[in-house]
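Just below is one structure, and these are the notes that go with it.
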Amino acid sequence: PALVHESTTGGHVLIGTHKLADPKWRGPDGAALTFDVLSLQDNTLTVSVTEHEFVPGMKVYAATVTLPAKISWQTVTLRCAELKTDKGQALAAWSGVTNLELRSETWRGVGPAISAVRWTSPGAEKP
């Protein structure tokens, strides 16, 4: 899915999309969310998804990814179970996800550059 809104100012980064609410872009059962990122300095990126946004029972699940400084693309792959609420509850499936956000409050350097957001089979790109 294409990421549709982006803001990068003063170390704050927010990139996201609501396309996952559309069945055309929703993650298949058992799939992992995979994307490539370019981070020229050491950084962290929080990946969050919202389940059933704007309705009672809405939940936000997140995972923080550590990105070492590299001059080449890095592949990030996250399974549902790696995304957790602030109470530690893991995301069970992509079926109720309506929003995806990639954010950082302390991004250093240029970027991030995000590319090739896709769904992959378990184990396809992550040991």
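Looking at the range 3-19 only, could you name the residues that are at pLDDT 55 or above, in a loop (DSSP other than H, G, I, E, B) and either under 13 Å from the mean Cα position of the chain (by Cα) or of a type in the set (A, V, I, L, M) (or both)?
The answer is His18, and nothing else.
Out of all the residues in the range 73-121, which are within 11 Å of Tyr61 (Cα to Cα), more than 14 Å from the chain's Cα centre (by Cα) and small (Gly, Ala, Ser)?
Gly88, Ala90, Ala92, listed by residue number.
Restricting the range 115-127 to residues that are over 24 Å from Val13 (Cα atoms) and either polar (S, T, N, Q) or outside any loop (DSSP other than H, G, I, E, B) (or both), which is modelled with the lowest pLDDT?
Ser121
The values are calculated or read from the model by the stated rules, or taken from the named source; none is laboratory data. The shown structure was predicted, so the numbers you read here are calculated from the model rather than taken from an experiment.
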